[in-house]
Amino acid sequence: MRRDVKPVASRLKPIVQSPTVRLGALVNEMKRRGEDVISFSVGEPDFSTPQHIVDAAKKALDEGWTKYVSSMGIPGLREAIAEKMKRENGVPCDKDGIIVAPTKHALYIALTGLVDPGDEVLFPDPGWVSYAPMVHLAGGRPVPVRATEETKYEPAPEAVAEAITPNTKAIVINSPSNPAGSVYSKETIKGLCDLVTDRDLFLISDEIYEKILYEGAHYSPASFDGMFDRTVTVHGFSKTYAMTGWRLGWLCAEKSLVKQLVKVQEHTITCAPAFVQIAGVAALKGPPSAVAAMVDEFRARREIMAGEFRTIPGFHVFRPAGAFYFFPRYDFELPSDEFAERLLTEARVAVTPGSAFGAAGENHLRFSYACSREDIRKGMARVRAFVEKLRRKEGQ
Ligand code: PMP
Ligand code: GLU
């Protein structure tokens, strides 16, 4: 073998490093060096994990929850999840239809477990940065479907229908969405479910932002008629409970499918850490006020950031109904990666370039407002000053 050729599998070649994870790490490194940078980049709540959840984990460690546990997850947590899915989401699952895994891994389990080489998987464009890479890793072909401003950043069933071919295996959807914060209407979800049943497909519904909802209602497609057997619902603790570093989430599906999917878990990570799962039980059974307080704060920050955008010409701002991102389209003659790069180096503000979320995300920037009110005001003042400078140059 030639030494300059790295023995990397062809599956990895079309994949780049996660732009959100990479930018988040870069900003942390800059802050560690004492640099004055304001981060609107990674989607990570700035709150501490609520104390009752931390206490439950400490107690679990003291009690010896330090061993391997069931690959599907400890029964107590799966029961609590099944109860939540039934009561809040109308999804008829029971504890044997659940696999506890880090949210990202739950998605990976679903895709690896469903996709054959050459299968096509549809997902929204713009959409979260890891859908296409995971489809590649599973050996499938990612097929982005436009979900832009014209359709309120929802994948319109007509656009999805046009993208379906005999090779289509599954559709991934995500409401409330990353990066636009759109909350799909009931009609959109119903239309997508009809396509899934009519065309004999699977649906993977990423509902991680369910609780970060300001307007409208959340609908779980697995609760719609005939959909439970065709849907893998993926969810997690990271956003709802400010638990990003705990790496805990789940998937929920029909039992016989889960029995197959769990093989991926057993041959990769075995199980999620036991004491973290005990903390997950405390999160689900804890006071809803802990979550409501964080969502209220996100709502207030959304208003502050919306107000700031109104003072910056050149941005077309879609009002997010959920999640904690703004995804404005802009008029400037600048590719989004260059725009983001210049904001970081010249204005000391980190944002994620829209192109990271797919071709249709070009000419957009993602601003995460999972940071303090003070940072929002300070960071947006820097953006305003940068944009004024840019406009003066463009006007020359
Ligand atoms: N889905 C979406 C839409 C996300 O934004 C993220 C990022 N947190 C994930 C899944 C993965 O979540 P986790 O960090 O809990 O693995
Ligand atoms: N999902 C978050 C984001 O979009 C966290 C990073 C990641 O997992 O992509 O910023």
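What follows draws every value from the coordinates through simple rules; no lab data is involved. Note that the structure is a prediction, hence the values are computed from the model and not measured. As a convention, Cβ positions derive from the backbone with ideal geometry for all residues, glycine included, and neighbour counts pool all protein chains shown.
Observations on the structure shown:
- Among 145, 232, the ranking by other beta carbons within 10 Å of each residue's beta carbon, starting with the fewest, stands as 145, 232.
- Span per principal axis, largest first, for the Cα atoms of the chain (Å): 65, 56, 53
- Here the Karplus relation 6.51 cos²θ - 1.76 cosθ + 1.60, evaluated at θ = phi - 60°, turns the backbone of the range 380-393 into coupling constants of 5, 5, 5, 4, 4, 5, 5, 5, 4, 4, 4, 5, 4, 5 Hz, with x for every Gly and Pro.
- Gaussian network model of the chain, springs between alpha carbon atoms under 10 Å - residue of 104, 169, 67 with greatest fluctuation: 67
- Order of 374, 308 under a 10 Å beta carbon neighbour criterion, fewest first: 374, 308
- Among beta bridges that DSSP assigns inside the chain, antiparallel share in %, nearest 5: 45 percent
- Normalised contact order of the chain, rounded percent, pairs of Cα under 8 Å and 6 or more residues apart: 23 percent
- Highest GNM mean-square fluctuation among 362, 266, 120, for the chain modelled with Cα contacts below 10 Å: 266.
- With a Förster radius of 35 Å applied to the beta-carbon distance between residue 162 and residue 263, the computed FRET efficiency rounds to 0.50.
- Approximate spin-label separation residue 388-residue 55, in nm, with each point projected 7 Å along Cα-to-Cβ: 5.0 nm
- MRE, 222 nm, helices only [DSSP H, n ≥ 4, -39500 (n - 2.57), over the chain, to nearest 500]: -13000 deg cm²/dmol
- Largest GNM mean-square fluctuation among 226, 64, 113, using the chain with Cα springs under 10 Å: 64.
- All Cα-Cα distances of the range 139-289, cut into 5 Å bins from zero to the largest, leave 2, 8, 16, 20, 19, 16, 11, 6, 2, 0 percent in each bin in turn.
- Scattering from the range 249-318 was approximated by placing one identical point on each alpha carbon and applying the Debye formula without solvent; log10 I(q)/I(0) at 0.16, 0.18, 0.23 1/Å stands at -0.79, -0.84, -1.04.
- Between amide H atoms placed 1.01 Å from N, distances below 5 Å from residue 153 occur with 148, all of them 5 or more places distant or on a separate chain.
- Extension gain, residue 9-residue 285: 0.36 nm per intervening residue step, less the Cα-Cα distance, totals 95.0 nm.
- Remark on residue 141: its backbone amide H falls under 5 Å from those of 118, 119, 120, 121, a criterion applied only to residues 5 or more positions apart or on other chains, H modelled at 1.01 Å from N.
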